[in-house]
Every structure is written in structure tokens, then in C-alpha cells.
């Protein structure tokens with residue numbers, strides 16, 4: 001069950017994924033990796049700020065486990 005109405009500027013995991021063009025599992029991964037913080041909701045139904053979601057989408061991501069994006073040499 002999704003929320004019936006959210007405050008303006010807030011997204012569920014599903015809507016955040018749609019906004020970024022990724023799967024919901026990616027949003028949960030960004031939270032686990034510290035790129036995105038929950039703004040409320042419940043443990044099973046978190047909500048996120050639009051600005052935080054977009055910042056996480058645009059943040060540099062490591063290409064391999066333990067590798068920083070700035071360490072990658074093309």
C-alpha cells in the first residue's frame with residue numbers, strides 16, 4: 001500500500017525510482033550506502049525529499065565495491 005497523499009516535495013521509494021529512472025532497489029541501495037537519507041515515513045514505507053533524491057542521483061558512484069569514483073582511471 002502506498003501513501004494516499006504526501007506533503008509537497010516528498011517521494012516514496014517507488015516514485016523516487018521513477019523520478020530517477022532506476023529500480024526501487026537502487027533507491028534502497030543509495031540509502032544503505034549513505035547517498036540518500038530518509039525524511040520520514042515508517043521503516044517499511046520511507047519517504048524522501050525530492051532534492052535529496054536528485055542529489056543522490058547526480059552523486060558520483062563507485063564502479064566497483066570499495067572503489068571511489070575519483071580513484072577510477074579511464
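For this structure, a couple of remarks:
- Checking each residue in segment 8-23 for being in a helix (DSSP H, G or I) and more than 12 Å from residue 46 (Cβ to Cβ) picks out 17, 18, 19, 20.
- Restricting attention to segment 42-57, the residues that are free of Cβ contacts under 8 Å to residues at least 24 places away in the same chain and surrounded by fewer than 17 Cβ atoms within 10 Å (Cβ to Cβ) total 4.
- Meets criteria (modelled with pLDDT under 95 and in contact with a strand residue (DSSP E or B) (Cβ under 6 Å, 6 or more places away or on another chain)) for residue 40: yes
- Counted residues, segment 24-36 - those being at negative phi, loosely packed, with under 13 Cβ neighbours inside 10 Å and in a loop (DSSP other than H, G, I, E, B): 1
- Members of segment 43-70 that are at pLDDT 90 or above, assigned to a helix (DSSP H, G or I) and out of contact with any helix residue (DSSP H, G or I) (no Cβ under 6 Å at 6 or more places or on another chain): 50, 51, 52, 54, 55, 58
The values are calculated or read from the model by the stated rules, or taken from the named source; none is laboratory data. In this text, all values refer to a predicted model and were calculated from it rather than measured experimentally. Here Cβ is always computed from backbone atoms with ideal geometry, including for glycine, and neighbour counts include all displayed protein chains.
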